[in-house]
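Take a look at the structure below.
The values are calculated or read from the model by the stated rules, or taken from the named source; none is laboratory data. Just so it is clear, the model here is predicted, and its values are computed rather than measured. Here the Cβ positions follow ideal geometry from the backbone for every residue, glycine too, while neighbour counts run over all protein chains shown.
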Amino acid sequence: MAVDKNTPILVLVLACGILAGIVLTGALFPLQVPPVNHAVVSGNPFFLSGQVSIDPATGSITVTAGEQTTRAMENLRAVLEESGLGFGDVVQTRIYLVNMRDWTTVNIIYGSYFTGNYPARLTVQVAGLPKGALIEIEMVAQKR
């Protein structure tokens, strides 16, 4: 089968177009944590934005799923306490995991923050999270 003399040029143009799209997308939409409120009150429920394991003192992110779970829960504790609430007021949580193999570790650490009346919960696997995090947790609380 004969190769058209323009085939290599067309392949090069296609490759350059894909590369330019990747570069421009990164320039237009850089990977960063979007501007969000850490919590929003709407009536009685108190909606806490998802928290990853960013250390508020250093801005760094921890490494393992266990460390990230602890840091995310401590970040959520700080937001709850700032609002006069605690984990006993949490009525729903959503946990986003990059790898479901971390579920057991995350579940043990997460569970240690609650006593007795656990909130409703959803855990889902996601393709990726901001800043390369392995876990993100969001909550809904209501003063009990």
What are the pairs with Cβ atoms under 9 angstrom where one residue, in segment 101-115, is outside any helix (DSSP H, G or I) and the other, located anywhere, is at pLDDT below 95? Sequence gap at least six, or different chains. Y113/V90; F114/G88; F114/V90; T115/G88
For segment 79-100, what are the residues that are closer than 18 Å to P119 by Cβ and part of a helix (DSSP H, G or I)? V79, L80, E81, F87, G88, D89
I'd like to check something: does segment 57-75 contain any residue that is in contact (Cβ under 8 Å) with a residue 40 or more places away in the chain, in contact with a helix residue (DSSP H, G or I) (Cβ under 6 Å, 6 or more places away or on another chain) and hydroxyl-bearing (S, T, Y)? yes
Specify which of the listed residues (V106, V36, V40) is modelled with pLDDT of 95 or more and touching a strand residue (DSSP E or B) at 6+ places or on another chain (Cβ under 7 Å). V106
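So, in segment 90-108, exactly how many residues are of a type outside the set (S, T, N, Q) and crowded, with 18+ Cβ neighbours inside 10 Å?
Quick first cut of segment 90-108, residues of a type outside the set (S, T, N, Q) only: 90-91, 94-98, 100-103, 106, 108.
If we keep only those that are crowded, with 18+ Cβ neighbours inside 10 Å as well, we get 90, 95-98, 102, 106.
Residues that pass the stated criteria total 7.
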Assuming L80 fulfils every condition listed in (1) over 20 Å from L134 (Cβ atoms); (2) at pLDDT below 95 apart from one, which condition is it? (2)
Tell me, which residue of segment 109-130 that is closer than 17 Å to R77 by Cα and among the hydrophobic types (A, V, I, L, M, F, W, C) is surrounded by the fewest Cβ atoms within 10 Å (Cβ to Cβ)? F114
Sole miss for E82 among (1) under 25 Å from P56 (Cα atoms); (2) surrounded by 11 or more Cβ atoms within 10 Å (Cβ to Cβ); (3) of a type outside the set (F, W, Y) is condition (2)
